[in-house]
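Below is one structure, written out as structure tokens, with a few remarks after it.
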Amino acid sequence: MSWVSACQLDDIEQEGAIRFDHGGRTYAIYRGPDDRVYCTAGLCTHEAVHLADGLVMDFEVECPKHSGAFDYRTGEAIRLPACENLKTYPAEVVDGEVRVAVN
Amino acid sequence: MDAIVIVGAGESGTRAAFALREAGYAGTVTLVGVEPHLPYERPPLSKPENGAVTMKALCSSQALLDAGVTYLHGVGATALDAGRRAVTLSDGRALAYDKLLLATGARPRKLACKGAERALDFRTYDDAKAVLSGVDTSRSVAIIGGGLIGMELAAVLRGKGLAVSVIEAAPKPLGRAVPSHFAARLHSRHSEEGVHFHLGQGVSEIRHNTVLLADGTSVPADVVVAAIGVQPEIALAEAAGLATGNGILTDAFLRTSDPDIFAAGDCVAVEQYGGGHVRFESWRNARAQAETAARNMAGAVEPFAAIPWFWSDQYDLVLQVAGLPQPDHQCVMRALPTGELAFYLDDGRLVAAASLGVGNSLAKDMKLSEMLIAASVRPDPAVLADPGVNLKALLKNAKAA
């Protein structure tokens, strides 16, 4: 597992998400209400829409287009029309820097 | 054994089939659809990626199988005998039911002018294929009707480099469902993109390669598309003696005038709190009504109360409208870096919101607005107008109060 530096923790608002593109792929990185960071595949599994544009409430991210929702800690699809789970990746904060293991 | 039959396998009928199972219904479920394909999503048809029509199935055959839903495709329902609780299909079969869901949808309104048969409809996958393959060898397209479908299609066809004319009988496009401020924004964007508008104009005749307008103007058109709205598909219900109007009339529980027959989606005019019946034509409504109707058919008693919502993609812009904005509402605008958000207050209470912005940049704010509407908040208009005030904080305060 190799870690990639994605952004600073302060770049993400609490209960928020940002898009992170790396190696030709797109990811979403979340900062939860617990102040921990999480990383998932960037696109909704229902239609290719960037989840980082969606609303984050508690540990749930909602697709900005069709309101499908996922638990971004586990990637589990929790509301239709999303029915396929999201891939998740390890994420951590080291000295204020967000690192993800996406390779 | 209990049996539910669903007539119509669009977004609403298909969603209902699954929602019945989610509600714990254990009887047989038969879904009847007139189109030959697996149930599919209609919204992408007028928003094709790269200009090519794609069929996005609503579910796989395996998912239907797993849910125990019998899907009869390529057959229509030709008669309904509500007294004997039976539906006759176009292949001659009769299906008995204990409860029936009508999700018959809507069909394109037809032009009445001379040469009307030359105009292509835009409703189904086959329609979309005919239009988009027809334009591949054309230079010019005339779209009759400046509503959401017509304007989405205009944007797509400009993207393919065709000369596009929009002919609209009203003085402005998008006059029916879109707040006038955003309708004007979209209208000017289309003009900037080179769409030719012929407004306040009736069509007198469609000829080979030309649309002739009432004032004598000829609009060049290798392909003509009619997008002048839809009519609810009520023939089956009407012939069976169910109450109909601008749609199949239901009470707030989506039950028709026959207590064993429910209806959902584009075909329904649902009773409103305070009187009257309203018909909604949107993807979200089709799903939300399907879910409520399915739960009620499985034994719940739940009024349909979802906040109306729709979106439209035109060029790189996304329009969203939640609730039903009215001209007499107080409108509060919030300007944002990528677009505008409008809030509509009725006597101080937030009842509707709309936004127009680049891509999904305003989706979060719109979702929060919808939650604020559902929470019946009475916000300070100055706070709504201030882009520095986080709507999520506003919502949390409202919930804490």
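The values are calculated or read from the model by the stated rules, or taken from the named source; none is laboratory data. Just so it is clear, the model here is predicted, and its values are computed rather than measured. Using ideal geometry, Cβ is built from the backbone for each residue, glycine included, and neighbour counts are taken over all protein chains shown. These accessible areas exclude ligands, DNA and RNA; they are computed on the full protein's heavy atoms, side chains included. Shrake-Rupley method; radii C 1.70, N 1.55, O 1.52, S 1.80 Å.
If you run the Gaussian network model on chain B, springs between alpha carbon atoms under 10 Å, then out of B:Leu254, B:Leu384, B:Leu100 the most flexible one is B:Leu384. Amide H contacts of B:Ala269 (H built 1.01 Å from N, in plane; Pro and chain starts excluded): B:Ile248, B:Leu249, B:Thr250 sit under 5 Å, all sequence-distant by 5 or more or on other chains. For the segment A:79-85, counting C-beta atoms of other chains within 10 Å of every residue's C-beta and taking the mean gives 2. For the range B:50-147, what does the alpha-carbon gyration tensor say about shape, rounded, prolate or oblate, given a ≥ b ≥ c as the root eigenvalues, a/c under 1.5 as rounded, and a/b over b/c as prolate? Oblate, since a/c reaches 1.5 and b/c is not below a/b. Any idea how far the Cα center of the range B:296-329 sits from the one of the range B:25-65, in Å? First find each Cα centre; the distance between them is then 22 Å. Could you tell me the center-to-center distance, by alpha carbons, between the range B:349-401 and the range B:105-129 in angstrom? Their Cα centres are 39 Å away from one another. In whole percent, what relative contact order does the range B:143-234 give with Cα contacts below 8 Å and a gap of six or more residues? 33 percent.
With a 10 Å cut-off around each Cβ of B:359-368, the average count of Cβ atoms from other chains is 5. Which shape class applies to the range B:294-335: rounded if a/c is under 1.5, otherwise prolate when a/b exceeds b/c and oblate if not, where a ≥ b ≥ c are the square roots of the Cα gyration tensor eigenvalues? The shape class here is oblate. For chain B, carbon and sulfur atoms together expose 52% of the accessible surface, with a 1.4 angstrom probe and every protein chain in place. When the Cα gyration tensor is reduced to axis lengths a ≥ b ≥ c, the ratio a/c is 1.5 or higher for chain B, and with a/b not above b/c it is classed as oblate. Measure off 7 Å from each Cα along the Cα-to-Cβ vector at B:Val301 and B:Ala243, then give the distance between these two points in nanometres to one decimal. The modelled label-to-label distance comes out at 1.8 nm. Simple spin-label estimate for B:Asp98 and B:Ala335 gives 6.1 nm between the two label positions (7 Å along the Cα-to-Cβ direction from each Cα). Close amide-amide hydrogen proximity is noted between B:Ile6 and B:Thr30, B:Leu31, B:Val32, B:Leu101, each under 5 Å apart and 5 or more residues distant or on a separate chain (H modeled in the peptide plane; Pro and chain starts excluded). Applying 1/(1 + (r/R0)^6) with R0 = 45 Å to the Cβ-Cβ distance of B:Thr217 and B:Glu49 gives a FRET efficiency near 0.85. Only Cα pairs under 8 Å and 6+ residues apart enter the sum, and on that basis the relative contact order of the range B:156-302 stands at 13 percent. Between B:Arg109 and B:Ile228, B:Gly229, B:Val230, B:Gln231, the built amide H atoms are under 5 Å apart, and every one of these is 5 or more places off in sequence or on another chain. Rounded to whole numbers, the Karplus 3J(HN,Hα) couplings from phi for the range B:83-100 are x, 8, 6, 8, 10, 9, 9, 5, 8, x, 5, 10, 10, 8, 9, 8, 9, 10 Hz, using 6.51 cos²θ - 1.76 cosθ + 1.60 with θ = phi - 60°, and x at Gly and Pro. Cross-link check: pairs B:Lys364/B:Lys392; A:Lys87/B:Lys364; B:Lys47/B:Lys114; B:Lys364/B:Lys396; A:Lys65/B:Lys47; A:Lys65/B:Lys56 evaluated at a Cα-Cα cut-off of 18 Å; pairs beyond the cut-off: A:Lys87/B:Lys364; B:Lys47/B:Lys114. Estimated from helices alone, the mean residue ellipticity of the protein assembly as shown at 222 nm is -6000 deg cm²/dmol (sum of -39500 (n - 2.57) over DSSP H runs with n ≥ 4, per residue). If only the Cβ of Lys and Arg carry +1 and only the Cβ of Asp and Glu carry -1, the dipole of chain B around its Cα centre is close to 360 debye. Karplus-derived 3J(HN,Hα) values for the range B:253-267, using 6.51 cos²θ - 1.76 cosθ + 1.60 with θ = phi - 60°, are 9, 6, 9, 7, 5, 9, x, 9, 10, 10, 9, 8, x, 4, 7 Hz; glycine and proline are entered as x. Couplings 3J(HN,Hα) of the range A:16-23, computed from phi: x, 8, 10, 8, 9, 9, 7, x Hz, in residue order, whole Hz [Karplus 6.51 cos²θ - 1.76 cosθ + 1.60, θ = phi - 60°; x for Gly and Pro]. For B:Lys99, the aspartates and glutamates whose Cα comes closer than 14 Å to its Cα, not counting residues fewer than 8 places off in the same chain, are B:Asp2, B:Asp81, B:Asp258, B:Asp260. Normalised by the number of residues in chain B, the mean separation of alpha-carbon contacts (under 8 Å, six or more apart) gives a relative contact order of 14 percent. Per residue of peptide A:43-56, the mean number of Cβ atoms on other chains within 10 Å of the residue Cβ is 3. Counting only Cα atoms, the range B:1-107 measures 50, 29, 19 Å along its principal axes, largest extent leading.
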